[in-house]
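*Asks:* Dropping a structure here in structure tokens format, bear with me for questions.
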Amino acid sequence: MTAQRLSPPPALRYGWLAGPLFLLAYWAAASAVGLIDNRILPSPWVAISTGADLVRDGRLPINLLISLLRAAEGFVLGAVVGIALALLSGLSRAGDYFVDGIAQVKRAVPAVALIPFFILWFGVDEGMKIMVIAIGAFTPVYLHTHTALRAIDIRYVELAETLRIGYWRFVRHIVLPGALPGMMLGLRFGVMAALLGLVVVEEVNATSGIGYMIDLARTYAQSDIMLVGLVTYVVIGVIADQTLLRIERKVLSWRRTLVA
Amino acid sequence: MSVVRVRNLERHFTRKGVLNGVDLDIAEGEFVALLGRSGSGKSTLLRALAGLDHEARGSGLIEVPDDLAVVFQDARLLPWKTVLDNVVFGLDGPDAATRARTALAEVELNGREASWPYELSGGEQQRVALARALVREPRLLLADEPFGALDALTKIRMHTLLRHLSAIHRPAVLLVTHDVEEAIALAGRVIVLDHGKVAHEERIILPDDGEERAVRSLEIRKKLLVQLGVETTS
């Protein structure tokens with residue numbers, strides 16, 4: 001007699017699509033029979049045709065491009081500063097004392113809460129928007145990179161000592177590659193934080209971007225345009241995350257966990 | 001000429017003395033095994049010789065050559081470097097890669113240069129670690145229970161390999177182990193450490209003849225086990 005299987009069977013390749021597809025089917029069916037009011041939530045086909053119209057008249061592409069640039073600028077700024085400061089505090093004690101304390105305080109302050117001050121300092125235009133996105137992305141990138149740099153396995157430190165390699169060789173060949181998985185994780189969280197920042201700042205006195213498009217549509221109760229904007233945000237998020245995941249797989253090909 | 005000279009070495013960790021006056025000499029090309037129960041201080045002594053005990057307090061004289069290499073119980077390969085790059089790491093000179101390839105061939109791992117460490121078995125990883133140590137042509141090889149985590153059959157193969165390679169490269173070797181058979185099989189001299197002191201020393205001179213050799217090995221084994229407090233004299 002074989003033992004009763006207690007662990008779940010192996011997952012099917014596209015099994016995770018079941019839930020979303022069910023939801024989509026329910027939405028379509030409910031819209032078709034009039035269970036969902038079109039003014040509350042437009043049907044999938046209305047959303048698709050509105051999306052196509054928005055693409056054709058150029059409103060979606062131009063707003064998407066502006067939003068993407070905004071998010072990218074903020075993210076890159078936040079990530080570069082985050083990694084630079086993490087290196088400073090992760091590699092030297094003095095840097096640790098000065099930088100890490102400040103970063104830990106910053107961690108407790110939500111980026112969005114800084115918007116009033118940022119408006120005061122940078123005005124209501126692009127500068128403020130990019131700074132809010134940047135500071136949102138900064139925090140996870142800094143924290144994860146810093147933690148990874150500090151958590152270098154003591155066994156590898158000992159190895160480096162017995163190999164009599166100098167400090168910079170140690171940093172380059174052991175500390176940095178060892179911290180790379182943590183940094184990649186920080187970047188992925190950073191992208192998500194940047195997108196959250198993007199959504200928020202585009203509701204604040206924006207005159208362009210996906211958020212502006214949504215806000216404008218809300219004024220006229222055009223729920224189909226609002227929905228298209230929302231889906232656009234989702235698509236941006238998924239593509240950004242997948243891109244980083246791909247980079248991570250490539251850079252960290254030595255890790256068994258990612259091969260499996 | 002001794003490669004290693006240790007005089008009256010003491011090491012303490014919070015109150016408890018771990019090494020209480022150790023004297024040790026290892027001659028050029030000599031293979032010494034360091035036996036001891038857990039807590040006897042054998043790893044502490046090895047780490048002191050390797051210069052890895054930055055935080056330890058203590059006194060005494062340690063003279064070791066600059067060109068020493070360490071093999072740890074875990075292979076300690078850098079997971080983000082290929083097998084070849086792990087051996088090359090820390091080597092200088094234009095022929096570094098060639099020397100590393102030769103060293104890998106010596107441990108019978110030619111053809112695995114481009115593999116990642118995780119793709120190797122435990123024994124293979126430890127062979128890479130051995131290649132990484134020997135490619136430097138060290139005057140002193142420190143090995144901290146290098147075969148402790150390997151299965152019995154792999155261990156026997158590793159013994160043969162290490163004996164063969166130390167005969168070619170002739171480094172002085174200090175092998176820390178808790179395996180009496182391993183010590184007898186590999187070393188020319190066995191030192192028993194107890195309570196942070198050298199408690200016993202035994203030269204291992206085995207006759208060539210198979211049967212006499214086995215008998216002599218057993219005698220030495222018994223003697224060492226008594227020293228380790230495992231077997232009584234009766």
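*Asks:* Which of the residues belonging to the stretch B:196-221 are under 24 Å from B:GLU63 (Cβ atoms) and loosely packed, with under 15 Cβ neighbours inside 10 Å?
*Replies:* Selection gives B:GLU201, B:ARG203.
*Asks:* Something else now. Give the stretch B:102-129 a look and list any residue that's under 19 Å from B:VAL70 (Cα atoms) and either surrounded by 17 or more Cβ atoms within 10 Å (Cβ to Cβ) or within 14 Å of chain A (Cβ to nearest Cβ) (or both), or say none.
*Replies:* Those that are under 19 Å from B:VAL70 (Cα atoms) and either surrounded by 17 or more Cβ atoms within 10 Å (Cβ to Cβ) or within 14 Å of chain A (Cβ to nearest Cβ) (or both): B:ALA103, B:LEU104, B:GLU106, B:VAL107, B:PRO117, B:GLY123, B:GLU124, B:GLN125, B:GLN126, B:ARG127, B:VAL128, B:ALA129.
*Asks:* Just to verify a result, which residue in the stretch A:176-235, among those that are outside any helix (DSSP H, G or I) and at negative phi, is farthest from the chain's Cα centre (by Cα)?
*Replies:* Residue satisfying both the conditions and the ranking: A:TYR220.
*Asks:* Mind checking whether some residue in the stretch B:191-201 is without any contact (Cβ under 8 Å) to a residue 40 or more places away in the chain and in contact with a Phe, Trp or Tyr (Cβ under 9 Å, 6 or more places away or on another chain)?
*Replies:* no
*Asks:* Another question about this same structure. Looking at (1) away from chain A (no Cβ under 11 Å); (2) at pLDDT 90 or above; (3) open to solvent by less than 50 Å² (accessible area, probe 1.4 Å), which is the only condition B:ALA56 fails?
*Replies:* Here B:ALA56 meets the rest and fails (2).
*Asks:* Would you check if there is a residue in the stretch B:36-53 being surrounded by fewer than 22 Cβ atoms within 10 Å (Cβ to Cβ), closer than 18 Å to B:PRO171 by Cβ and touching a Ser or Thr at 6+ places or on another chain (Cβ under 9 Å)?
*Replies:* Checked against the condition, which is being surrounded by fewer than 22 Cβ atoms within 10 Å (Cβ to Cβ), closer than 18 Å to B:PRO171 by Cβ and touching a Ser or Thr at 6+ places or on another chain (Cβ under 9 Å), the stretch B:36-53 yields at least one hit.
*Asks:* Here's something else I'd like to know. Looking at the stretch A:148-164, which of its residues are away from chain B (no Cβ under 14 Å) and either under 19 Å from the mean Cα position of the chain (by Cα) or not in a helix (DSSP H, G or I) (or both)?
*Replies:* Residue satisfying the conditions is A:ALA151 alone.
*Asks:* Might you let me know whether the stretch B:35-48 holds any residue that is assigned to a strand (DSSP E or B) and either closer than 25 Å to A:PHE170 by Cα or touching a residue at least 60 places away in the same chain (Cβ under 8 Å) (or both)?
*Replies:* For the stretch B:35-48, residues assigned to a strand (DSSP E or B) and either closer than 25 Å to A:PHE170 by Cα or touching a residue at least 60 places away in the same chain (Cβ under 8 Å) (or both): present.
*Asks:* Name the one entry in A:GLY15, A:GLY82, A:GLY51 that is of a type in the set (Gly, Ala, Ser), exposed (fewer than 12 other Cβ atoms within 10 Å of the Cβ) and at negative phi.
*Replies:* Of the residues listed, the single one that is of a type in the set (Gly, Ala, Ser), exposed (fewer than 12 other Cβ atoms within 10 Å of the Cβ) and at negative phi is A:GLY15.
*Asks:* Between a residue in the stretch B:91-106 that is closer than 21 Å to B:SER166 by Cβ and any residue that is of a type in the set (S, T, N, Q), which pairs come within a Cβ distance under 7 Å, given they are 6 or more apart or on different chains?
*Replies:* Note: pairs meeting the criteria are B:LEU104/B:ASN110.
Let's see how each residue does on (1) within 14 Å of chain B (Cβ to nearest Cβ); (2) surrounded by fewer than 22 Cβ atoms within 10 Å (Cβ to Cβ):
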residue	(1), (2)
A:HIS144	no, no
A:GLY166	yes, yes
A:PRO181	yes, yes
A:MET184	yes, yes
A:ARG188	no, yes
A:ALA194	no, no
A:VAL200	no, yes
A:ALA217	no, yes
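*Asks:* Let me ask you something else. State yes or no: is B:LEU84 touching a Phe, Trp or Tyr at 6+ places or on another chain (Cβ under 7 Å) and aliphatic (A, V, I, L, M)?
*Replies:* Considered against the rule, which asks whether it is touching a Phe, Trp or Tyr at 6+ places or on another chain (Cβ under 7 Å) and aliphatic (A, V, I, L, M), B:LEU84 comes out as no.
*Asks:* Residue by residue through the stretch A:168-179, note down the ones that are free of Cβ contacts under 8 Å to residues at least 24 places away in the same chain and facing another protein chain (nearest Cβ under 8 Å).
*Replies:* Hits for the stretch A:168-179 are A:ARG169, A:HIS173, A:ILE174, A:PRO177.
*Asks:* Could you tell me how many of the residues in the stretch B:70-82 are farther than 17 Å from B:SER43 by Cβ and at the interface with chain A (Cβ under 7 Å from one of its Cβ atoms)?
*Replies:* Residues meeting the conditions: 3.
The values are calculated or read from the model by the stated rules, or taken from the named source; none is laboratory data. The structure presented is a predicted model; accordingly, all values stated were derived computationally and were not measured. With ideal geometry, Cβ positions are generated from the backbone for all residues, glycine too; neighbour counts draw on all protein chains shown. All accessible areas refer to the heavy atoms of the entire protein, side chains included, with ligands and DNA or RNA removed. Shrake-Rupley method; radii C 1.70, N 1.55, O 1.52, S 1.80 Å.
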